[in-house]
Amino acid sequence: MANFLYRLGRTAFRRRWLVALLWALVLGAAGLGAVKAPAASDDGTSFMPGIEAQKAYDLIGERFPGGDANGADARIVFVAPKGEKVTAADHRAAIDTLVTDVADEPQVDGAVSPFTAGTVSEDGSTAYATVTYKVKAADLTDADKAALEKAIDQARDSGLTVEAGGTALATQPAAGGASEAIGIALAAVVLLITFGSLAAAGLPLLTAMIGVALSMAAIMALGSTFGLSLTTGTLATMLGLAVGIDYALFVVSRYREERAHGHDPREAAGLAVGTAGSAVVFAGLTVVIALAGLTVIGVPMLAKMGLCAAGAVVVAVLVALTLVPALLGMWPDAVLSRRTRKRGSGARAAADDGGSRRTREHGPEAPAADNGGSRWARLVLRRPVAVLVTCVVGLGVLALPATRLELGMPGDESKPVSSTERRAYDALADGFGAGFNGPLTIVVDVQDAADRKAAVNEIAERIVATDGVVSVSPARFNEAGDAALLSAVPATGPSDERTKGIVQTIRAERPGLERETGATFEVTGNTAMNIDVAAALQDALVPYLAVIIVLALILLLVVFRSVLVPVKAALGFLLSVLAALGAVVAVFQWGWGAELLGVEQSGPIMSLMPIFLVGIVFGLAMDYEVFLVSRMREAYVHGDRPAQAVVTGFRHSARVVVAAAVIMIAVFSGFIGAHESMIKTMGFGLAVAVLFDAFVVRMALVPAVLALLGDRAWWLPAWLDRLLPRVDVEGTGLGTPRTPEADETAPQEPARV
């Protein structure tokens, strides 16, 4: 692989204008496809097949064909001025006018007055009207929304406070916006400090943004075909930008290092892609495998996010291997430090003298001057036990809140109070109780019942008698008379643990009612759907985590040809991801410091977040492991003692790994400013996960463990050594460097797998 990538880097450098043109054509084609493609529509008919709430939704769609179980809805909430009632003549007239006007709209399936449905609070201060639509929220036109907004504004003129919940007028969340720009700006500052060159700092940013632009254009072009959402694109942007910068950073850094050793520009580009590029390929592969593995969880939305983000990572890898060396070919000296540019001819003379050749053929150079990385490594090596215990205990304490993880799907209660959805939610909770914001939909199948109406009435009476249920609506039968819908209102809110218990109790009564009535029922609605999804994903979290850890062991076993190094890496990953989940629980579930991040309402963690976090952090953790430990192994193989190999690895790699980690933290932190709860939580979780994994696990725990293990860290049984394929991540099989005049078609060494 190293030889192939070496030739690829040299070819991209030599054919730089052709490579740049090809990338421009691909980007242009994707952009044209994005512009011409129809707008993506939400295909949310099946969020998670197999769970009861989804089966009930499907049954509603089958038995009630006149409507759409996923159609848009609006709950219009009316609050009378203090001391007045909504039943006053003028207020009642305003409410009836709104309901009548809205009901006449062509896309409205039905509009029910609160005075007809009995949805007026006991004290008369609050009421709500329900409006249902024939189409999904994404298919509502601006005219449909404007008509509803106009009716609401007219009702407000009567002195009523009127707010709208539901999906019809829900605001679409914006991406990070200015926060993303701040993250990119911070990344630019880190790169400038790391390289001391504007060109070297700008090149990784430029190539990363090109890769993200291509990925987003492809997602938009394919959005209508595969039902890709805004959330999907945002997460792909988040990860594509972060790894795109990092992967280009590693290649540019190695190019500068090879130029400093005296290689000519083309040779340096080939060696950079053959060495750092090999690590980029492996690191990218780990991320892709982890993200693609999300498809086995059984959640279509999660699978789409994982595959789109994996595609963005693949693009980032290809950009780092081809476009980066091509741009280096256009400005071969611009990315070098001022000192290296001044050396100029001296560096070339060193190459002519064969210094670099001797380095590759006979081992590492003479010990270089200490830098921050080597000094830090020696500090850790002096007290490895203390460092190890501190890291494990510290991360263990941070991980403790993860044991109290509660999963859910935060709704309007998590939105800012400036939104009408949040104000409607609060008004309903004040007027009717928290349960009105999360009613349970009961679909009753009475095909086999002898007396269908009696069966539905019996089920309704049993449900309303359930502890914690406030009321059950009258049954609504379909045209065939073989199914009915009930709406049960719990006493507690949608995200309350007691509501989960109510759903479980109602379902537990089903077998007895089925025997008594001959009818059966299923519980659905947003609240039940969120409960079922959370339970399914929580059950899948531990198996998925186990698969990821086993995968890490296998991959690192192949790369490092060691038994204990992969075990150490996997356990370190487990510590960092659990600590990150603990921090997420503390902030977003318990509310510790939540106001500092703009989180207005703490509550259960988004159901999709932990599994997605595990997949991403696995890939990023393996990035740092490969880039840092591969240099240690290279030094050890070339004769360094174990402790000295750790110091050598840190001398060459620590600064770049630290810069890469800081860049990722900056990029991920930028998404904390997003309005959507899922993106905000993911941004925070990924930022703290990178912080823990890079600076605690890889920079402290790893050298401490390697120091304690000594030579045993690199032990591999002979029989296993024969079985494992050989992956030359360090590029030791590249052989003798070539001169600029070497023929590109000259015979090459056979590539090593």
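The values are calculated or read from the model by the stated rules, or taken from the named source; none is laboratory data. All values derive from a computational prediction rather than experimental measurement. When we count neighbours, we look across all protein chains shown, and the Cβ atoms used for this are built from the backbone with ideal geometry, even at glycine.
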Going residue by residue through region 86-97, is there one that turns out to be under 28 Å from the mean Cα position of the chain (by Cα), farther than 30 Å from residue 252 by Cα and modelled with pLDDT under 95? no
Could you grab me the full set of residues in region 76-122 that are within 24 Å of residue 444 (Cα to Cα) and in contact with a strand residue (DSSP E or B) (Cβ under 6 Å, 6 or more places away or on another chain)? 109, 110, 111, 112, 119
Positions within region 489-511 being free of Cβ contacts under 8 Å to residues at least 12 places away in the same chain and farther than 16 Å from residue 524 by Cβ, in sequence order: 508, 511
Take the conditions crowded, with 20+ Cβ neighbours inside 10 Å, touching a helix residue (DSSP H, G or I) at 6+ places or on another chain (Cβ under 7 Å) and not acidic (Asp, Glu) and apply them to residue 520. Does it pass? no
Sort out which residues of region 421-434 are touching a strand residue (DSSP E or B) at 6+ places or on another chain (Cβ under 6 Å) and farther than 17 Å from residue 601 by Cα, and write them in order of number. 431
Please work out which residue is surrounded by the most Cβ atoms within 10 Å (Cβ to Cβ), limiting yourself to region 692-703 and to residues that are farther than 13 Å from residue 394 by Cβ and among the aliphatic types (A, V, I, L, M). 702
From the list 515, 507, 498, which residue is more than 22 Å from residue 59 (Cβ to Cβ) and either among the charged types (D, E, K, R) or assigned to a strand (DSSP E or B) (or both)? 498
If we keep just the residues of region 412-436 that are small (Gly, Ala, Ser) and in a loop (DSSP other than H, G, I, E, B), which is surrounded by the fewest Cβ atoms within 10 Å (Cβ to Cβ)? 418
Quick check, is residue 617 closer than 23 Å to residue 568 by Cα, of a type in the set (Val, Ile, Thr) and modelled with pLDDT of 85 or more? no
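Matching residues to (1) touching a helix residue (DSSP H, G or I) at 6+ places or on another chain (Cβ under 6 Å); (2) assigned by TED's automatic domain parsing to the domain that holds residue 409; (3) touching a residue at least 24 places away in the same chain (Cβ under 8 Å):
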site: 514; (1), (2), (3): no, no, no
site: 553; (1), (2), (3): yes, yes, no
site: 566; (1), (2), (3): yes, yes, no
site: 570; (1), (2), (3): yes, yes, no
site: 575; (1), (2), (3): yes, yes, yes
Residue 475, sole failed condition from (1) buried (at least 18 other Cβ atoms within 10 Å of the Cβ); (2) under 26 Å from residue 430 (Cα atoms); (3) without any contact (Cβ under 8 Å) to a residue 40 or more places away in the chain: (2)
Working carefully through the options 445, 467, 496, find the one that is among the charged types (D, E, K, R) and under 23 Å from residue 122 (Cα atoms). 467
Residue set 275, 286, 207; condition over 23 Å from residue 334 (Cα atoms) and either touching a strand residue (DSSP E or B) at 6+ places or on another chain (Cβ under 8 Å) or of a type in the set (S, T, N, Q) (or both); output residue 286
Name, by its number, the condition in (1) part of a loop (DSSP other than H, G, I, E, B); (2) modelled with pLDDT of 75 or more that does not hold for residue 314. (1)
Report whether or not residue 52 is of a type in the set (D, E, K, R), at pLDDT 85 or above and more than 30 Å from the chain's Cα centre (by Cα). no
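Yes or no, residue by residue, for (1) surrounded by fewer than 21 Cβ atoms within 10 Å (Cβ to Cβ); (2) over 28 Å from residue 671 (Cα atoms); (3) under 22 Å from the mean Cα position of the chain (by Cα):
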{"site": "530", "(1), (2), (3)": "no, no, yes"}
{"site": "558", "(1), (2), (3)": "yes, yes, no"}
{"site": "563", "(1), (2), (3)": "yes, yes, no"}
{"site": "572", "(1), (2), (3)": "no, no, yes"}
{"site": "578", "(1), (2), (3)": "no, no, yes"}
{"site": "583", "(1), (2), (3)": "no, no, yes"}
{"site": "590", "(1), (2), (3)": "yes, no, yes"}
{"site": "610", "(1), (2), (3)": "no, no, yes"}
Enumerate the pairs (first residue in region 155-168 and buried (at least 19 other Cβ atoms within 10 Å of the Cβ); second residue anywhere and in a loop (DSSP other than H, G, I, E, B) and of a type in the set (A, V, I, L, M)) with beta-carbon separation below 8 Å, excluding pairs fewer than 6 apart on the same chain, so at least 6 apart or on different chains. 160/80; 160/86; 166/72; 167/72; 168/72; 168/140
Among the candidates 480, 449, 454, 465, single out the residue that is modelled with pLDDT under 90, surrounded by fewer than 15 Cβ atoms within 10 Å (Cβ to Cβ) and of a type in the set (A, V, I, L, M, F, W, C). 480
Considering only residues that are more than 33 Å from the chain's Cα centre (by Cα) and either part of a loop (DSSP other than H, G, I, E, B) or modelled with pLDDT under 90 (or both), which ones fall in region 437-446? 446
